[in-house]
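What follows is one structure encoded as structure tokens, with my remarks underneath.
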């Protein structure tokens, strides 16, 4: 492998740090752990896992901490992980070759975000920018920091997928999520006063509210973001599209969702989560449009992201069953409910017992 430094920042992460570092041990990574003021045993645990430990005085700026970690790395190629992200899959040779072939680009790892929905464990997969050359890139933004090039004359860069998957455990505890959302929004609102026309800040504020299921405030901030100039093909805009539809579905605005996204639908194709959210919007209309919804759920099943990355394929199966039940096609409904139940979706099992 090419030399890679894994950079991690954290504070009071004794619950996660061992699970984060242990899967890295079989690989020849340099581990750089930057602590921002832990009062528990985080640093002691990190030391047991051969991490190089550095202290950074917290200044309410995540980019500053990440860039400090990057400066402490011995190698040019850096890979950033969070303490609550646990490596589950890595094709080391393939990653090394990709990093060499795309030396001027940024690699995206696959992150499985686990949380509970409708009484069942749920995974929302996304890809995040984490591997790059520290000679070409750094972080900017005090929170929900973004990777940017150091060359101001060439701000665009290539993104490519890494053969690297992590499980993200950070959404599993509701109280932790509430505290994190409050902390994040305090910093985001402070930044918003300086940059009131930055759509990314509204997106991240919406994400904080969405994480604690405050869908009204999430909706308001997503709406403000979409009202500003943005590139629909940016990865975060793709994520926001689905979140915006979901927030509208949760707040009785499904008709608004359909009217808003139908004209710009093509910008968000080939995403299983987007298709499912649009299908839900059609079902929530008064009267509902079950055939339109069915089309969206079928697209989700055929979508590459559902087959390769999604752990929630049961959602379109369940909803196709629901549409068939609405249309009086009981046998077809049972077939799809059975498939969803086999994949562990408790609501589908309840449907099977009820019909």
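Nothing in this text is a laboratory measurement; each read-out follows from the coordinates by a stated rule. On a predicted model such as this, the values are computed, not experimentally measured, just so you know. Backbone-built Cβ (ideal geometry, glycine too); neighbour counts: all protein chains shown.
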Which of 27, 200 has the fewest Cβ neighbours within 10 Å, and the rest in rising order: 27, 200
Folded to 0 to 90 degrees: helix 199-211 orientation relative to the chain principal axis, Cα: 70 degrees
Descending semi-axes in whole angstrom, ellipsoid equivalent of the range 4-168, from the Cα gyration tensor: 23, 20, 17
Cα long-axis angle, helix 314-326 against the chain (0 to 90 degrees, to the nearest 10): 10 degrees
Angle between the chain longest axis and helix 62-72 axis [Cα atoms, degrees, rounded to 10]: 40 degrees
Where the Cα pairs of the range 174-354 fall when distances are cut into 10 Å bins, in %: 10, 32, 34, 18, 5, 1
Å³ per residue enclosed by the Cα convex hull of the chain: 146 Å³
Antiparallel bridge percentage (DSSP; both residues within the chain; nearest 5): 50 percent
Pairwise label distance in nanometres, residue 178 with residue 114, each label 7 Å out on the Cα-Cβ vector: 2.3 nm
Rough spin-label spacing in nm, given labels placed 7 Å along Cα→Cβ, for residue 338 and residue 298: 2.1 nm
CD proxy at 222 nm, helix term only [per DSSP H run n ≥ 4: -39500 (n - 2.57); per residue of the chain; nearest 500]: -14500 deg cm²/dmol
Relative packing of 323-331, 232-240, 62-70, which averages over residues the other C-beta atoms within 10 Å, highest first: 62-70, 232-240, 323-331
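Using R₀ = 35 Å, calculate the FRET efficiency as 1/(1 + (r/R₀)^6) where r is the Cβ-Cβ separation of residue 1 and residue 193; round to 0.05. Could the numbers behind the result be given before it?
Details: r = 44 Å, r/R0 = 1.27.
My answer for the efficiency is 0.20.
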Mean Cβ count within 10 Å, highest first, over the residues of peptides 209-218, 155-164: 209-218, 155-164
FRET efficiency estimate (nearest 0.05) - Cβ-Cβ, residue 220 to residue 291, R0 41 angstrom: 0.80
Inter-centroid distance (Cα atoms) of the range 8-79 relative to the range 251-292, Å: 42 Å
For 291, 87, order by how many other beta-carbon atoms lie within 10 Å, fewest first: 291, 87
Relative contact order (%) - criterion: Cα under 8 Å, at least six apart; region: the chain: 11 percent
Residues of the range 4-34 with amide N under 20 Å of a point placed 7 Å along Cα→Cβ from residue 50: 4-9, 17-34
Footprinting exposure proxy for 20, 303 (fewest neighbouring C-beta atoms within 10 Å first): 303, 20
